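I have placed the structure first, in the form of structure tokens, so that the comments after it can refer back to it.
The values are calculated or read from the model by the stated rules, or taken from the named source; none is laboratory data. Quantities reported herein were computed from a predicted structural model and do not represent experimental measurements. Cβ placement follows ideal geometry from the backbone for every residue including glycine, while neighbour counts extend to all protein chains displayed.
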Amino acid sequence: MTTEEKIYRRLKAAGLNDFGVSGAMGNLFAESGLRSDNLQNSFEKKLGYTDVSYTAAVDSGTYTGFVRDGAGYGLCQWTYWSRKQNLLAFAKTAKKSIGDCDMQLDFFLKELAESYPQVLAVLKTAKSVREASDAMLRKFERPADQSEANCKRRAEYGQKYYDKYAKKEETTVAKLTPNAVYTMNGVTINEKIIPDGTRWKDAAKAKRAGFSAGALYKKQQKLSGGTGRVAFVTIHNTNDLANVYDDGEQYTRATYNENMNSSRVHFYVDDTGAWQNLRAGTGLCAADPAGSAEVAWHSGDGSVASGGNMTSLSMEIIMGETAAHDQIAKDNGAKIAAWLLWKNGLSINALVTHTYWVNKSAGKRFSDVDEQCCNPISGKKWCPSYIFASNNKATAMKNWKAFKALVKGYLDALNGGASAPTPAPPHTATAFEAYKVRVTATNLNIRKGAGTNFASVGYIAPGVYTIVEEADGKSATRWGKLKSGKGWISLDYAKKV
């Protein structure tokens, strides 16, 4: 994902509309070229630093004049001493480089919420790129040149981003609504199981997948010879999608729209949670009773009785965005994998990769299960590629073992209790009775999911808001989902009204 894609997606997730994001980015481009380590050009010779060396000197503490040197710096070209002081403190608290793009975006949004609420309001409601761009130029950036020519120039920069990204989103179909939402080991699961009896409708799409119109859209058979017994949990990786907030929803939608060829998996997992496409026998929602785990199509070994399709639960962990995103997605995948192993009475060695089944199909069996999980076969798919994070077998195995250890930690915690944990009951969107709360905290974080392990997507000011869903999560007694759809807030800082 490019820097500009990341910035567009981050600002959109924070609640800015497409005009607002584009107008803001046009100004950031004019100020810094969207380079978060950009030192004002006129100060490079004066201070004797380049962008890179200045950033390194500030990070290391060898240069102590950052706050008062009067040099513009970063995406917004922060210049005034108090704003630079706040930026530096924010970076230190976050333990990030002063030139870190994600940190600066968080600080930019914090500044908007705390010090420039009128600008933020325009960026959320603007009816044109020019309106948003003018608000950024005249009330946030405030350059010396506020002429009509400069206003027009910056709006034109912003229009390019609007044309490149916003117009694509305008053609996106409506998002899917899950049949039910439940929690598995702290991870939010959106249940959208493909109904029995579903058949291919589009003849061309069916043909590309090796079927014909009217054929069953899924195997519609229980695992392990019809018993529903789970023998393995198989881990895959698939790519993060640019400019998409909930990647699991997008992959699920593509599945329902017959755009995933023959691929069928039980779970798509992202940093926001997971979407369930097939029965896994969890017993956590009405559509997925215990013992109902069904055959998926993911391991490349057809209908072999002892193969991955016929014996294992499958999970696509969606990665490839940022390191922070990928870590959360991987952690969510580890929690789900641990719970599925625990639920089915399996050991950690029942956790395998797509490559495990590739080796089995090629007739290669290893006494060390991890070696079979990581042994490359020429010309065959190497997966989970993001977890392997290397084409070198030794490095891939090291990284796979690290992920396996993460899963084992969660599995050990589940096995360590005197009794099995009681899962949160499933609920549908209509079953929850929405209510209003008064937020009492200043600049309360809005997060992508229920917990501080999810990224912040902005801040909420004190006031009255509507909660449409609740969930357990890290670092709060209870989390509430905002009616606006912007994300989740800790209900420890809110009171019912």
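Here are a few things to note about the model shown:
- For segment 457-497, the set of residues classified as crowded, with 17+ Cβ neighbours inside 10 Å, within 20 Å of Gly186 (Cβ to Cβ) and hydroxyl-bearing (Ser, Thr, Tyr) consists of Ser490 only.
- Each residue in segment 365-400 was checked for being assigned to a helix (DSSP H, G or I) and exposed (fewer than 13 other Cβ atoms within 10 Å of the Cβ), and 1 pass.
Here is a yes/no grid of residues against (1) at pLDDT below 80; (2) in a loop (DSSP other than H, G, I, E, B):
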{"position": "Ala429", "(1), (2)": "yes, yes"}
{"position": "Glu433", "(1), (2)": "yes, yes"}
{"position": "Ala441", "(1), (2)": "yes, yes"}
{"position": "Ile446", "(1), (2)": "no, no"}
{"position": "Gly449", "(1), (2)": "no, yes"}
{"position": "Val464", "(1), (2)": "no, no"}
{"position": "Trp479", "(1), (2)": "no, no"}
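- The listed residue being of a type in the set (Gly, Ala, Ser) and within 17 Å of Glu131 (Cα to Cα), out of Gly72, Gly23, Gly61: Gly23
- Test: residue in segment 167-174 that is surrounded by 13 or more Cβ atoms within 10 Å (Cβ to Cβ) and without any contact (Cβ under 8 Å) to a residue 60 or more places away in the chain: no
- Filter result for Ala334 (more than 25 Å from Arg264 (Cβ to Cβ) and within 18 Å of the chain's Cα centre (by Cα)): no
- Answer from Tyr80, Tyr63, Tyr54 - the residue that is surrounded by 19 or more Cβ atoms within 10 Å (Cβ to Cβ) and among the hydroxyl-bearing types (Ser, Thr, Tyr): Tyr54
- Criterion violated by Ala121 - all others in (1) of a type in the set (A, V, I, L, M); (2) part of a helix (DSSP H, G or I); (3) in contact with a Gly (Cβ under 8 Å, 6 or more places away or on another chain) satisfied: (3)
- Residue among Ala24, Ala30, Ala71 that alone is more than 28 Å from the chain's Cα centre (by Cα), surrounded by 18 or more Cβ atoms within 10 Å (Cβ to Cβ) and under 15 Å from Gly158 (Cα atoms): Ala30
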